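Structure first, then comments.
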């Protein structure tokens, strides 16, 4: 994959479906990373994992959030494009400063359903995660991410069409 040239593989790839907050044996915040074929634990908060992914692609979480605000006016619980060219759009389940914040990849969601006092997210590979977040809140985040994704994708397609596919000078 694209990260083979680097010393450490990023936790977030186009195959990442979710980064879910959890506590380790000592009560410290950790992340369970769900991918299409596997899942594993990272000993950092989900927001720190997302921050690292943003940096890997040349920005910061704050920069991605500001970009979302500038593109479509979303200021709170902003969805972000970690890398729009590979379709990596994620949304937070709560405020990213909240230790219980998890991040969900928009493109991997098949559907969601109410489940007791929370919401179950069913991914396209049939894997499921339960979150103690209201169904309405998750639906809202999905819709906001779709809106942001549509606008940003439209801008990228427009640039490609009107710039002949070349956005910058080629290397000499």
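When restricted to residues that are crowded, with 18+ Cβ neighbours inside 10 Å, under 19 Å from residue 11 (Cα atoms), at pLDDT 95 or above and in contact with a helix residue (DSSP H, G or I) (Cβ under 9 Å, 6 or more places away or on another chain), the stretch 60-111 contains 19. In the condition set (1) surrounded by fewer than 19 Cβ atoms within 10 Å (Cβ to Cβ); (2) in contact with a strand residue (DSSP E or B) (Cβ under 6 Å, 6 or more places away or on another chain); (3) over 24 Å from residue 151 (Cβ atoms); (4) without any contact (Cβ under 8 Å) to a residue 40 or more places away in the chain, residue 35 is compliant with all but (1). Restricting the stretch 33-50 to residues that are assigned to a strand (DSSP E or B) and within 14 Å of the chain's Cα centre (by Cα), the residue that is nearest to residue 97 (Cα to Cα) is 33. Test residue 89 against the criterion of being without any contact (Cβ under 8 Å) to a residue 12 or more places away in the chain, at negative phi and either under 12 Å from the mean Cα position of the chain (by Cα) or part of a helix (DSSP H, G or I) (or both), and give yes or no. So residue 89 does not fit the description; no. Considering 151, 138, 142, the condition of being modelled with pLDDT of 95 or more and in contact with a strand residue (DSSP E or B) (Cβ under 6 Å, 6 or more places away or on another chain) is satisfied by 138 alone.
The values are calculated or read from the model by the stated rules, or taken from the named source; none is laboratory data. Quantities reported herein were computed from a predicted structural model and do not represent experimental measurements. Heads up, the Cβs are rebuilt from the backbone with ideal geometry, glycines too, and the neighbour counts pull from every protein chain shown.
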